[in-house]
Every structure is written in C-alpha cells, then in structure tokens.
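Visitor: Before I ask anything, here is the structure I am working with.
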2 protein chains.
Amino acid sequence: MVSGPSIRGLCLLGAFMSAPLINAQEQPPLYLMPVPASVQIGTGRLLVDSKFSVASTGYTEPRLDRAIERFLLQLSRQTAIPLSRRSGNSSKANLVIHTDHAGKEIQELGEDESYHLEVTTTGAKLSAPTPLGTLHGLETFLQLVEVSPDGFAAPAVTINDKPRFPWRGLMIDSARHFVPLDVLKRNIDGLEAVKMNVFHWHLSENQGFRVESKKFPKLHEAGSDGLYYTQEEVHDLLEYARERGIRVVPEFDVPGHSTAWFVGYPELASGPGPYEIERKWGVFDPAFDPTNERTYKFLDQFLAEMAKLFPDHFFHVGGDEVNGKQWDANPKIQEFIKAHGLKNNQGLQSYFNKRLEPIVSKHGKIMVGWDEVLDPTLPKDIVIQSWRGPDSLAAAAKQGFRGILSNGYYLDLGWSAARHYAVDPLSGAAANLASEEKARILGGESCMWAEYINPENIDSRIWPRNAAIAERLWSPLEVTDPASMHARMEALANRLEWLGLTHKSYHRQMLQRIAGPSTPEEFAALTTLASLVEPVKEYTREQFATAEPTSATPLNRVVDAVPLESATARRFGELVDKFLRASCHDLAADARLRAQLTAWRENDAKLQPLVQRSFLVKEVSATSGDLATLAAVGLAAMDFLTKGQRPPEDWKAEQLPILEQIHKPKGQLLLMPTPAVEKLVEAASAGGACPSPN
Amino acid sequence: MVSGPSIRGLCLLGAFMSAPLINAQEQPPLYLMPVPASVQIGTGRLLVDSKFSVASTGYTEPRLDRAIERFLLQLSRQTAIPLSRRSGNSSKANLVIHTDHAGKEIQELGEDESYHLEVTTTGAKLSAPTPLGTLHGLETFLQLVEVSPDGFAAPAVTINDKPRFPWRGLMIDSARHFVPLDVLKRNIDGLEAVKMNVFHWHLSENQGFRVESKKFPKLHEAGSDGLYYTQEEVHDLLEYARERGIRVVPEFDVPGHSTAWFVGYPELASGPGPYEIERKWGVFDPAFDPTNERTYKFLDQFLAEMAKLFPDHFFHVGGDEVNGKQWDANPKIQEFIKAHGLKNNQGLQSYFNKRLEPIVSKHGKIMVGWDEVLDPTLPKDIVIQSWRGPDSLAAAAKQGFRGILSNGYYLDLGWSAARHYAVDPLSGAAANLASEEKARILGGESCMWAEYINPENIDSRIWPRNAAIAERLWSPLEVTDPASMHARMEALANRLEWLGLTHKSYHRQMLQRIAGPSTPEEFAALTTLASLVEPVKEYTREQFATAEPTSATPLNRVVDAVPLESATARRFGELVDKFLRASCHDLAADARLRAQLTAWRENDAKLQPLVQRSFLVKEVSATSGDLATLAAVGLAAMDFLTKGQRPPEDWKAEQLPILEQIHKPKGQLLLMPTPAVEKLVEAASAGGACPSPN
C-alpha cells in the first residue's frame, strides 16, 4: 500500500494526506528532502554497522565506482563508522546497486533521472535506468540512515522517485565577489544532496572577468585583480560536477554588465574608455557596441574558445539590464539605430541578439538568456531565464520558447524558505497553459548574487533555504506544507555539514570576531540578539548604509554574520500563534513565551560590556535596546492576556508608536519577533479573548 | 618603564606583579599566549584597516616573503578586512619588519629565536636577528590585533621576547590511528601560533607503519592498510613545517612497538610469526631480534633512507615498553644474553641501543629515545625524552645527558590545562641541578597518543590545552597564574579557529550525529549535559568499556565528542568557591548558581525523547539522571546555606552515598560539577557559615 512518508508535521503533507500511514508508531519519521514521488513505509530497519557492504551489478563505469566510494565516505562521516568497499558479491552485500545502461556522454537536459529504492530489514536494493538515477538513489539512502535505538539504521521503505522538472539549478555569481574553487565544490556537493542537476556559473560582470582566456588574455589579466579560474581549474570543476550528475552552464553576460571586459579591450565598448574594474554595486553604463563588427568577430572567437571549454549544450549570454546610456551618448550608434530602422535601444539589443544567436549556434550551443533577450523572431530553441516571473515565462511558452524560472528564487533577497517554497514555475498564468506549453517550462534556478557574500558567509546565504527550492523543483506539485518542509530542512541543514559546507559553523566564528575576547555570558548575549535579527530585505541594504559599499568593504558586521532567516523568531511566532489559538489556555506555551521574553528583556544589559569594547557590537546596540523594549511590551501583553484583564484605554495607543520605532531597520537589521509581539498586543487590546485558565 | 601585560586576572600574573600597570584603564587587556619575556604597555592603538601595509628590510629570503603573505592572510581572516601586500616602502608601511641575518639551512636546536616588537599609534616595528624571531614576532602581532571601540587595532606596546627553553614540541602519534596530512598541517599552524618549534612525528607502531619506504616497500605496503604518507607527502609536510620555523623529528620505534614492521618482514622479529597488523591497544610482545645481525643490517639500510628523507639533526628511535616476552620465549636469544654476560632483557636492550647508536650517528643524526634507552655507556650527545618525570630527567642530566620532558604533558590522559601548566621541566630534582646541568634540560614535548582520536576529534584533544604547555616552555618561570592562563587560553582557542583547526566546531557536529533530528530544546539538553562531563582520566577508559576497543571501533559516542576538559564545570566550581568565600553573601553568585542548578535539575526530562530515539544518547541516560539528582542536592544545600539553617542531623549522611554513586563513571564519563556540589553539601552541613544576608 502506497502511503506518505512519516514525516514531522506529516498530516499536513499535501500529496499524501489521503492515504493513511502504516506502522506510524514503530517507524521513525523520514527526513527526506526533496520528498520522493512515491514512498511506501515498511516494517523494521536495516542496520548500518562496520560490516555494511555494497555491491553493484548491471552497467558500470568509473564514475559509478567513484560514486560508491563517495557514498561510503559520506556514510562513514554521518555515522563515524569506518567503512570501506568490500568485494562486490551481490548476494551478500547489504546494498545492491543496479544501473541499467549508460547515460549520455555529455549530460543532457531531460535524461532519465528516476530510481527505485527498496530497503528491508535484511538488505537494500537500488536500481535505476541510468547513472543519474543511481546517484539520486544513493543520496536518498544517505538521507534514510539515522541514529536509532539500536544503532545507525535505515527504515524499511520502498521508494519510486523521479523529478517533476528536468532543469533544477543554482546560479552562483562568482564575478562580483570571486568564489574560490573549493567553495564552489562544496556547494556542488550540496546540489547533489538535494538532487539539483544544474550549476549555472555566472562568470563575468562589471566587477570582474573570472575565466582565463588563452585567446584574449587581457580579459582575465586586466579584468580580474588576479582572481580568476584557470582553464585547468574550470576542467577540474566541470569534472567534479559531472561526477555528481550536475550540468554546468556558463554565463558570460553581454552586452551589458560588461565593464570588466573593457578594461583589457576598451575598443569593444560603446563609450570611449579607458575602463577600470567597477568597485561599486548597481547597474552601470558600459555596454558592448552592437554596431561595431569587431564586437561580433571578437565574440565569435571568444565563444569558439569557451564553447570548447564548457561541454554543456547550453550557453548563457546574460542580456539583462542594459541601461542604454552609452548607446544614447554615442552618435554613431544612434545613427545606426536610425539607419537600420531599429526604433530604440531595445531594438538595438534585439539586433545584437539576432547577430549573437547564430554565433552561439555555430559553436554547437543553445543560447540561454535573461528575459530581455526574448524576441519572437529568434529561433524557438533558445531558453529564457526569467527574473521577471511566471507570467513572463508563460508568455514566452505561448510563443514557443522554453523557459526556466528564477523570479522568486533569488537567495540574496533574504526571503524566508517558506516564501521561496511557495513559488511554483507553473503558477500564475503558467497554470493555465496547455500541456505542451507547460512542457516548455523546464524548471527553475535559484540565484546567489554576490554583492554581500564572501567565502565565509556564502554557504549560509545558499543553505539550507536552497533545499526548499530544490524540493519545489523535484517533488510532486502537491508537496507544499511549510511545517513539514521546515522540519526536514533543519535535519538536512545538519546533514549538509558532513559535506564541508559551513552554513552553520561560520556563524559562531563570525560572532566571535565581532565580540572579541568575552565572557560566556557576554557572548551568549550577542548570540541571542543575533538569533533574532535578519538583514533588511530585497535590495534595501544600500538604503540603510552609512557609506557606499564597494567590493572592498569588509563583510564582518552582524548583518553579514546572521543567517538570512531567523529560525528562533519563526518558532517564537509559531508559539505565539499556538498560544493565541488556544485562547491563552496553553500553559506550556505560556511558560515558554514568558521565559523567552524575560531572557530577551534582560539581554541588553548583558550585552553592554561588548558594546563598550567592540565597534561591531556597538552598531547593534540600538537593536539590542529595541529587543529589551519589545520583550517588555510582550510581557505586559502576556500579563493582560493570562489574567483576562482588558488593558487601560490608551495602552495600545501607547504601545503602537514604540513598536513602530522598533520596526525600523537599524544597523541594516530587522528585529524579527516584532510582528509576533504585535499580535500579542492586538490580542490583549481586544480584551477578554484569553480569560484566566482557572 | 617595564610592566606586565594588562591581562584578565592580571594581578595574579606572577612575573609582572611587582611592577604597576600604566594606562590600565585606557588600554584593553592583552591576550598574549605564550606571555612574552618582557612587555611594556604604551598609550593608544594602531588601527588595522584596509590600507594596512607591511614592508620588510634587512635580510630576506623567500620563506620570509611567504611568511608575510601568510601573516596578511591571517590578519584578513581575523578581521575580515581584505588585505594584500603593498609595495614595500618602509617609510610608509604600517608594519616594518627587519630581519638581521639568515638562520641555519637546516633549522637547529638553540638558534636565536628572539624578537623585538614595538607598536605605537602610528606604526609598528618588528625586528629579529633571524627569520625564526621574525616568525614569532608576527604571531605576537596577530595576537595583539583585536576588535576595539574604533575598529580592529593593536594596542601600543613594546615587547622584548625570547623563549625559556630551546626545545618546545608536540608529538602526534599518527600510527595507532592514521592522521591525514591536512590534519597535521593545521596542527602545525597551531604550533606556530603558540611558538612551539618541534613537531615530533610518531610514525610506526604495532598498529601501523606510516611512511613509504622505497628500500623496504613491504613496510608500508603490508603494515599500513594503505594508510601511509608517501615520501612526496613527507617532503611536503617538512617544507610546510620549515616555513613555520618548526623542526620535524621523526620517530621509528624500535625494538618494541613494532608489530607492523614484521607483517612484511617477519624475519626481523624475535618470535616465529607470521604477523598481522595489531588492532587492539596495549603493550604487545613482538620485538626486533637484537641477537640477529640481519636486524642491524636492515636498520642501517632503513636509517640510510630515512636519514635522507628527514633533514633534522635528531632522529628518534623510541625504545620504550619492551615487555621482553618474545625474548624470554626464544632460547637462542636467552643463550645470547648468557653468552654476552648481559644479565637480563634490560641488558639486551642496552646492547641493542649500543649497536643502534653508531648506526644513527653514522647517518649524521643524534639519537633521541624514551627513558628506557638511557645507559651511562652511551655517548653523551643522545637525548632522553622522559615519560617518567623530571626526577628521571634530572638524573640523566647529572650523568651528562640532555633531556626533554613529556611526563606531565600527555594530552591523551585528559588532564586539565591547569594541571599541565603546573608541570615544569625544571621542577622536582631538576630544580636543584647545577646551572650547566640545568642547561641540559632542553625543554619538553606534549604527546598526543592516538588510541581514541581520529581526524574529527584530534584537534579538540590537542587544543587549546596544548597552549598551556607551550606557554610553560616559552614564558618566564614566574608566569604561573592559572586564572590568567585560562582567560588567555580561551581567547586563543577562538583565534586558532582562523587556522582551520576544528577543536571547537567538531563538537556540535558530533553531538548532532548523536542526537539525530531533534528539536532545539532536545538538542540544547544534550549540549548542556555534554558541557558538564569529561571522559574518564588516565588510561582507565578500557576499564569501563563494555567491549574491547580496537582501531576499527567507531569514535562516535558522547565520550568521543566532549572536550577533555569541561570549561563550564570549571567555572561552576570557581563560582561555588566565590560564593562560599563570601560566606554566601554574594547575591549575584547565589542567583547564578541557582539558575544553573535549576536548569540542570530539569535537563534530564528534556533529554528523554532523545534517550528513546538514539542508542548513543541512551548511553548517557544514567549520567543525565545523575545530573538531575546532583542539581537537586546542590539546590537543597543552597537553601540551607542562604537561609543560614543547619540541615537535619542525618541530611549529610543521606547525601554522601548519593554523591558517591554519582562519582562513579558511567558511559566512560565523569560528571564534573560533582566536587563543587560536595563543597556546598559540606558547607551546608557545617552550618551557620552562611547566614542570611539580611
């Protein structure tokens, strides 16, 4: 009988609600992420001890052998049980892996990624048509193994799984801030863990050109401050990704976002030059000159080199955010627009794309570009990556273009995981497409833009929230419950650390730098405050900056050190809701809320010695004061609520300006429990809703 | 005016007590470890911002250039300020480094390691006779830079520094458990940070032979399970250490501790064989046959190879713990003993050493061995490493032998940092040596034996306690205050993380594995319990084991995950002492003790869900129950004390068996706050000592 996985908060797990659970009491909950297409829970567990062995049958290739080695290494890390590969006797092995046939030599969009995994108390079988399915199945097995009352074990389970969308990617901008190769690699390990299959590598920007070009060496020599990937390193990364079933789509952004190219090759630009590497953030004027034949000759030769370097069938040319100022300012270009009847700059960009596409195509690649490249007259095989949204994607699909969604998946905007999770590529206008149009919507990509990241905090900006997006793109449409997602995402966040990702460990180290030498009490006060704030959202950070940030600005402040989503504040909000839903009769919730609020009220006093000693703590002093005030307001509201007293007439009116003040960002930070305390104030003011439980 | 560093707990800082502080209020405390020979505090601070620059003058060599690069990288990590090397204009640089002349081509014992560092508000100057001093001075500068009210800064200060002992080392046993090269490297970074200058590399054991031998390949092929260092890797490590001013002394332990050699070469052993790699821990029978000329021929050829591979002038031949059983059982050997008038097995080992020493010497090395190699007839230039103690070292010094102390510095015994800190190479009988005899005591080495370590927890077994030993060996004799040491060691522990050491970060990850998916409250309960226990001390772990441990035993239990010293328990004990010294009138201490004890009393209930789910948590369930009981006893004692009530007649008699039961190790763990609670019980029973403060 097919049933849903026994997952924390499972009763809300959409897709599986109708089917009752079996053995729910005997089996531990499953913490699988993404949720498989189908899960059937069995009885008992398969123990993983030092005798655990793996054998493989069917098709084999070195990549599969190495995948089994990596699997055993990872299983060893998870359990700290020394494991090594045993001789492959499939009749005796605890896990038998069968792969049917080879995949494509160069991994392709839409290859079969399905797998079947069966775990019983005596052994496990994984089978898949292609190595890609095998890789996914191994990751699922790793997620099944957990500590149990008897040892490390995987629960008995039968899983049939395949992805909902064929294009599930993460884009990393390694141009605004350079991202070292080892940082990319550990993030690719993360992608494998959540079954994403595309790494979109944003390689050029106003702020840097990051790949060695042997044909045009001034690109990386003049445009990168020495921070670029050699072609050997690129090969290394491509191999690393292929081993993990991940395609690598390079992006070289043209005609805008291109200042760094012009440092070495000013003659390609639409303005006179000379150019320097851009140090600031924003949209800038420099753009390729689409009217100059040299541009196309250059791009032809450049693409010839890069098309060979990057084997993937798709090639991303950017195409976004050309502000047109250099084009406006150049009389020759304006003359060209008129002479060719191009209407305006948008027309000129279309012209550019129509010249560029055949070049991309000539070098054997399919062109990918951001929304702006869409032009009905371009060949229908190009792919639109939409930062504008599902409706824009639907419009493209109607015109016959394929698309991938990134609007709603920008990790740098600081959205909650739940908000990302609610964004579906087939929502909005896309939900009403005909099925053949829907099929053109290939999936999506999360995007990690790099204004405020460096090797120290980048993992924390990607993980674990990226797992929510990965699940959206893999799991059935009906899997939408945020509570289940949160529980599984937090378990996954712990697992991801075994891959060397630093999204959890970075935090204490950064706070320790901020605090300097401190007592445990002082440091705990900073940790408490940090656990309750988030950086300001969307692209408002500059708005609250005291000095214009540049690529040289140290990222050592509290705003750089805190996760983009406060789990503590989220849980506090959930507890307030629970308390109010129970008409304040939930004594356990009452006690926990009071304990938290009391600790928060007293936190600022404990932080003060650090405020005196560290300029980085001083910056959050106002927020720390706000927390004390907020907690006091919350405690007052709790008192009214639990005593069933209506507060004095003007109490609410007095609290609101206080809360409004607390709402304002300070030090580029938001104090996240504020809305939940507002709910308490509202409820208290409404009066009588929560009479004394006695 | 020369004065002591303004260090937390400074008034107790022995050496500097007599000189008053200047500017104590204006200057932040210094967190230098080891404490320099002389420190003079100035006024103000030198800011470190993104314009910070370094220049060097005088003698230069590539190693110094790279050291400055590493220094800037490290300064960048500490501050998160992007820093890179500026052009070396010494008149404008913020830090000017002057090195007088080259050091020895192969680093030698006793080279000048002194340096002079002067920091003012406008710049800093570091000067040293040799690159070794320069390296030390750069580490001191890094320790001076801290967050301040104005930014990152180093306080104005003048330091003249040099070591007390010329041999300051750490031994790592990479034979019982293999230690990967990157783990060794990060620990060598740690040695550099605390100014240790010897890495003693224990490379062979019953459980493994860890170096590639081209001459005798069966040594590593048959004796290592494939876990060995290639000669290329050895070169790499030696170069890494030399860059950091650290000598590498290899140890190949003969004639005992040698089972792994005999797996490939059974003909060298005193027993018949065949041999397998030893999997258990302890002292084992296999030993080289000292009566067989093949042994010396083999060792001669082997040493010829290894003496070339390892350039240091010293070569360690082990020599410890030969149990003599194979010698006893071999009639030919017993006959040899008689024929040569050797008295007994000890005599035979002396014979062996007298044959071995000329071989070591012939290959250009000075022999080092453990206590057992000491024989008055051996040449006086050999060095004795003493696991027996300072008296044994003093006796050797009187006979003219040089020595280094390791007794008291065994990191695997689980001693507190304070206990290691109190051990001085010139204590005991050594204190009364004549000065030329004292000079033969070269210093000491901490020892990290590897029965219970792996790459995951090894750093936590070495750091930060090793820093206390490093300070003992570097700083003036009079620097002995444990409170000051603790404050500085904790600050250092945070700093060491920037080197990639995992002594802090490993802990949460291991606990997360033990807990499995869990709520924040459950996990906090496990963290609280883990913060209050320590593994059983000395070599008693086997005594409390349920199954005989081997090299394949997973090190995934709470006993493997907790630090060897509980800082929380230490602080609790200090607070109890403070409370009792104040005759229970210290209200702040009272409140904090009650808060801690109350939380501990309630902790077990919060841990119970994990006890049900995880076999690894279940193992500490009894200790968790003990904590609840202990806390309840402590709270009862507090009540008597603060009310000034004498407890009922039989109260103490009832508590003592409870505490005795709690004292007993469970799950190989000790519950560390127990003695402090006993003090409260004793004080309460004495009665009347702590009347109500009202």
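Visitor: Can we say A:Glu113 is within 14 Å of chain B (Cβ to nearest Cβ), among the acidic types (Asp, Glu) and surrounded by 18 or more Cβ atoms within 10 Å (Cβ to Cβ)?
Guide: So A:Glu113 does not fit the description; no.
Visitor: Take the stretch A:42-62 and flag every residue that is open to solvent by less than 10 Å² (accessible area, probe 1.4 Å) and either away from every other protein chain (no Cβ under 14 Å) or closer than 30 Å to A:Glu478 by Cβ (or both).
Guide: A:Leu46, A:Val54, A:Ala55
Visitor: For the stretch A:63-97, what are the residues that are in contact with a Leu (Cβ under 7 Å, 6 or more places away or on another chain) and open to solvent by 70 Å² or more (accessible area, probe 1.4 Å)?
Guide: If the condition is that a residue be in contact with a Leu (Cβ under 7 Å, 6 or more places away or on another chain) and open to solvent by 70 Å² or more (accessible area, probe 1.4 Å), then A:Arg85 is the only one that fits.
Visitor: Does the stretch B:279-288 hold any residues that are out of contact with any Leu (no Cβ under 6 Å at 6 or more places or on another chain) and surrounded by 22 or more Cβ atoms within 10 Å (Cβ to Cβ), and which are they?
Guide: Passing the criteria: B:Pro286, B:Ala287.
Visitor: Working carefully through the options A:Glu105, A:Glu146, find the one that is open to solvent by 30 Å² or more (accessible area, probe 1.4 Å) and in contact (Cβ under 8 Å) with a residue 60 or more places away in the chain.
Guide: The conditions single out A:Glu146.
Visitor: Kindly establish whether B:Leu564 is under 28 Å from B:Arg419 (Cβ atoms) and in contact with a strand residue (DSSP E or B) (Cβ under 8 Å, 6 or more places away or on another chain).
Guide: Judged against the criteria, B:Leu564 is a match.
Visitor: Test of understanding: among B:Ser460, B:Ser427, B:Ser435, which residue is of a type in the set (S, T, N, Q) and surrounded by 20 or more Cβ atoms within 10 Å (Cβ to Cβ)?
Guide: B:Ser460 is the lone residue from the list that is of a type in the set (S, T, N, Q) and surrounded by 20 or more Cβ atoms within 10 Å (Cβ to Cβ).
Visitor: Taking the condition of being closer than 22 Å to B:Asn206 by Cβ and either open to solvent by 10 Å² or more (accessible area, probe 1.4 Å) or charged (D, E, K, R) (or both), how many residues in the stretch B:306-328 meet it?
Guide: 7
Visitor: If B:Leu526 passes every condition in (1) away from chain A (no Cβ under 12 Å); (2) under 18 Å from B:Leu671 (Cα atoms) but one, which one does it miss?
Guide: Among (1) away from chain A (no Cβ under 12 Å); (2) under 18 Å from B:Leu671 (Cα atoms), the lone unmet condition for B:Leu526 is (1).
Visitor: Go through the residues of the stretch A:671-693 one by one and say whether even a single one is more than 14 Å from chain B (Cβ to nearest Cβ), hydrophobic (A, V, I, L, M, F, W, C), assigned to a loop (DSSP other than H, G, I, E, B) and open to solvent by 20 Å² or more (accessible area, probe 1.4 Å).
Guide: Among the residues of the stretch A:671-693, at least one is more than 14 Å from chain B (Cβ to nearest Cβ), hydrophobic (A, V, I, L, M, F, W, C), assigned to a loop (DSSP other than H, G, I, E, B) and open to solvent by 20 Å² or more (accessible area, probe 1.4 Å), which makes the answer yes.
Visitor: Just need a number here: residues in the stretch A:239-266 that are more than 20 Å from A:Val360 (Cα to Cα), in contact (Cβ under 8 Å) with a residue 24 or more places away in the chain and touching a Phe, Trp or Tyr at 6+ places or on another chain (Cβ under 9 Å).
Guide: Of the residues in the stretch A:239-266, 8 are more than 20 Å from A:Val360 (Cα to Cα), in contact (Cβ under 8 Å) with a residue 24 or more places away in the chain and touching a Phe, Trp or Tyr at 6+ places or on another chain (Cβ under 9 Å).
Visitor: Can you find even one residue in the stretch A:158-165 that is within 14 Å of chain B (Cβ to nearest Cβ) and crowded, with 23+ Cβ neighbours inside 10 Å?
Guide: No - not one qualifying residue is present in the stretch A:158-165.
Visitor: Answer yes or no as to whether B:Leu356 is in contact with a Leu (Cβ under 9 Å, 6 or more places away or on another chain) and open to solvent by 20 Å² or more (accessible area, probe 1.4 Å).
Guide: So B:Leu356 does not fit the description; no.
Visitor: Among the residues of the stretch A:469-517 satisfying the criterion of being assigned to a loop (DSSP other than H, G, I, E, B) and open to solvent by less than 10 Å² (accessible area, probe 1.4 Å), which is nearest to the other protein chains (Cβ to nearest Cβ)?
Guide: Per the criteria, the residue is A:Gly516.
Visitor: Give the residues of the stretch A:319-369 that are among the β-branched types (Val, Ile, Thr) and in contact with a helix residue (DSSP H, G or I) (Cβ under 7 Å, 6 or more places away or on another chain), sorted by residue number.
Guide: A:Val322, A:Ile333, A:Ile337, A:Ile359, A:Val360
Visitor: Hey, any hits in the stretch A:168-182 for a residue that's without any contact (Cβ under 8 Å) to a residue 60 or more places away in the chain, among the basic types (Lys, Arg) and not in a helix (DSSP H, G or I)?
Guide: Checked against the condition, which is being without any contact (Cβ under 8 Å) to a residue 60 or more places away in the chain, among the basic types (Lys, Arg) and not in a helix (DSSP H, G or I), the stretch A:168-182 yields no hits at all.
Visitor: Can you tell me which of (1) more than 30 Å from A:Asp189 (Cα to Cα); (2) touching a helix residue (DSSP H, G or I) at 6+ places or on another chain (Cβ under 9 Å); (3) without any contact (Cβ under 8 Å) to a residue 40 or more places away in the chain is the one A:Lys297 doesn't meet?
Guide: So A:Lys297 meets the others, but not (2).
The values are calculated or read from the model by the stated rules, or taken from the named source; none is laboratory data. For clarity, every value in this text was computed on a predicted model and none was experimentally measured. Using ideal geometry, Cβ is built from the backbone for each residue, glycine included, and neighbour counts are taken over all protein chains shown. Areas reflect the complete protein model, heavy atoms only, side chains present, ligands, DNA and RNA absent. Shrake-Rupley method; radii C 1.70, N 1.55, O 1.52, S 1.80 Å.
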